[in-house]
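First comes the structure, then the notes that go with it.
The values are calculated or read from the model by the stated rules, or taken from the named source; none is laboratory data. Only a predicted model underlies this, so the values are computations on that prediction, with no experimental measurement involved. Counting neighbours? That spans all protein chains shown, and the Cβs are built from the backbone with ideal geometry, glycine included. Calculation scope for accessible area: heavy atoms of the full protein, side chains included, ligands and nucleic acids excluded. Shrake-Rupley method; radii C 1.70, N 1.55, O 1.52, S 1.80 Å.
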Amino acid sequence: MAPVTIIGAGLAGSEAAWQVAQAGIDVELFEMRPGIMSPAHHSGLFAELVCSNSLRAAAVENAVGLLKEEMRGLDSLIMKAADSTRVPAGGALAVDRTAFSSYITEVLTNHPRIQVKQQEVTKLPENRPLIIASGPLTAGRLAETIGEMTGQESFYFYDAAAPIVTAESLDMSKIFRASRYDKGDEDYLNCPMTKEQYELFWYELTHAGTTPIKEFEKAVFFEGCMPVEEMAARGIDTLRFGPLKPVGLCHPITGEIPYAIVQLRQDNFAATLYNIVGFQTHLKWTEQQRVFRLIPGLEKAEFARLGVMHRNTFIKSPKVLQASLQMIEYPGIFFAGQITGVEGYVESAASGLVAGMNAARLAAGRRPVVFPRETAHGSLCQYVAQANPEHFQPMNINFGLLPPLGRKIRDKRQKNSLIAARAMSILREFIEKCDNGLA
């Protein structure tokens, strides 16, 4: 069997290499560091954690906790390293960064089936299967090659993402459905504001704390995508003539045009998630929750993703990838990590696990699999492959991506616990089918 080639030894590439090698397939793992360093990295170690040592919540009642538990059930190297190098962090899983990356580097460099090649990749290797896990700072000739292969319109710098809220957390008694000038099929949820509500919101928005921009993110292009707080700072009425303009949106009960309107746009096919239109922001996350909950109907909003603005190269995956993380046009090529549009350390590693598992299957002459949507892995991969391509933005794992239980449960912790239990049960069945050659 031909070896599987992997570009990048970050979290995704390292997990992919482990999964392939443990399946009995040889691996060629390319990593440019330490010969060539990225603006974000500081060492030549594999799976370096560049921003934080936290892998976020540990409990399965949190979606990322469920994702980690699924990874443990799938023999994840990243989780072995994390559990072995864990440091006290309350309800979160945090690690000793150097020990964590050293653990992974040592395992992979000493694995008999893994050949590490410390060199920059400027064009795609000929070997297939191939996994591209080059990370969110992919640049230079490799970025140009990927752009040519995926189509330039599907490969670009992501400069901003607005917050996403869960549908079930919205107060629909204050929100109405409509499209501006009745164009469309009531595609937007509209949160109307009175003059008093708007002015309070504007004041708090313009006085809220912001997050400092990292040095390597200062070249982000903000034209046409200005942070909402910077737009508001230009004047009290700027938002009312921009993303909050109420023109063409009459309130169905009063028949009047509100003073200002915040619009929410459906973000996934299941209509469980909604994007706050035009609200890309540099506000601190705690400030986002405080200020944005001043919007009528969002007083108790649950945020599936908070707004971010930073440099992040990624492909428009819904036009490029299948849920197996194979390319639609070139099924021998897989993508993994943040370049696919997943957000976060754990999500990157999980996508590497899926890509590695499927690349190994393909190398062995078996059909790649799609994880069940009821699992965290399946829901994340299916979001990447099936989200609206016109509004596709990177996403963390959250319970809004998984199918609902089908019955109303008021207690959030209990509901999430039941979703997690369902996910683990279905994952065990899925693993058994894979092991027995039935998948």
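Summed over the residues of the chain and divided among them, the accessible surface reaches 43 Å² per residue at a probe radius of 1.4 Å.
Using only side-chain charges placed at the Cβ, +1 for Lys and Arg and -1 for Asp and Glu, the dipole size of segment 163-306 relative to its Cα centre rounds to 100 debye. Which lysines does Lys80 reach when only Cα atoms under 27 Å apart count, and residues fewer than 8 places away in its own chain are ignored? Result set, ordered by chain and number: Lys68, Lys117, Lys433. Of all lysines in the structure, the ones whose alpha carbon falls short of 18 Å from that of Lys300, not counting any fewer than 8 places away in one chain, are Lys174, Lys408, Lys412, Lys415.
Given a 1.4 Å probe and heavy atoms of the protein chains only, how would you sort Trp285, Trp202, largest accessible area at the top?
Trp285, Trp202
Under the simplified labelling scheme, the Ile328-Asp187 pair shows an inter-label distance of 1.9 nm, with each label point 7 Å from Cα along Cα→Cβ. Counting only Cα atoms, the size of segment 163-306 along its three principal axes is 48, 35, 27 Å, in decreasing order. Assuming a ≥ b ≥ c are the square roots of the Cα gyration tensor eigenvalues, decide whether segment 291-439 counts as rounded (a/c under 1.5), prolate (otherwise, with a/b larger than b/c) or oblate. Oblate, since a/c reaches 1.5 and b/c is not below a/b.
Between Lys174 and Arg410, the contour length at 0.36 nm per residue exceeds the Cα-Cα span by 82.9 nm. For the residues Val308, Val27, a 1.4 Å probe over the protein chains yields an accessible-area ranking, largest first, of Val308, Val27. For the chain, the residue among Ala162, Leu264, Ile419 whose Cα projects farthest onto the positive side of the dipole built from Cβ charges is Ile419. Summarising the strand pairing of the chain, around 65 percent of its internal DSSP beta bridges are antiparallel. In straight-distance terms, cross-link reach from Lys316 covers every one of the aspartates and glutamates whose alpha-carbon lies under 12 Å from its own, apart from those fewer than eight places away in the same chain; here that gives Glu153, Glu390.
Estimated at the nearest 10 Å², the accessible area of Asp182 is 130 Å² with a 1.4 Å probe. Full extension of the chain between Tyr203 and Thr109 yields a length gain of 28.4 nm, computed as 0.36 nm times the residue separation minus the alpha carbon distance. Each Lys or Arg adds one and each Asp or Glu subtracts one; over the other residues with Cβ under 12 Å from the Cβ of Ile175, this totals -1. Note on the chain: with neighbouring protein chains present and a 1.4 Å probe, carbon and sulfur make up 52 percent of its accessible heavy-atom surface.
Extension gain for Leu438 to Arg422 (0.36 nm times residue separation, less C-alpha to C-alpha distance): 3.7 nm.
Treating only the Cβ atoms of Lys and Arg (+1) and Asp and Glu (-1) as charged, compute the dipole magnitude of segment 275-324 about its Cα centre; round to the nearest 20 debye. Before the final figure, lay out each step's value.
Values: 8 positive and 3 negative charges, 34 e Å.
So the magnitude is around 160 debye.
When nucleic acids and ligands are ignored and a 1.4 Å probe is applied, Ile78 ends up with an accessible area of around 0 Å². About its Cα centre, the chain has a charge dipole of approximately 640 debye under the convention of +1 per Lys or Arg Cβ and -1 per Asp or Glu Cβ, with nothing else charged. Mean residue ellipticity at 222 nm, helices only, the chain: -9500 deg cm²/dmol; runs of at least 4 DSSP H residues each add -39,500 (n - 2.57), and the sum is divided by the number of residues.
Farthest towards the positive end of the charge dipole of the chain, among the residues Pro125, His207, Ala16, is the Cα of Ala16, using unit charges on the Cβ of Lys, Arg, Asp and Glu. Dipole of the chain computed with +1 at Lys/Arg Cβ and -1 at Asp/Glu Cβ about the Cα centre; of Ile333, Phe292, Thr85, farthest Cα towards the positive end is Thr85.
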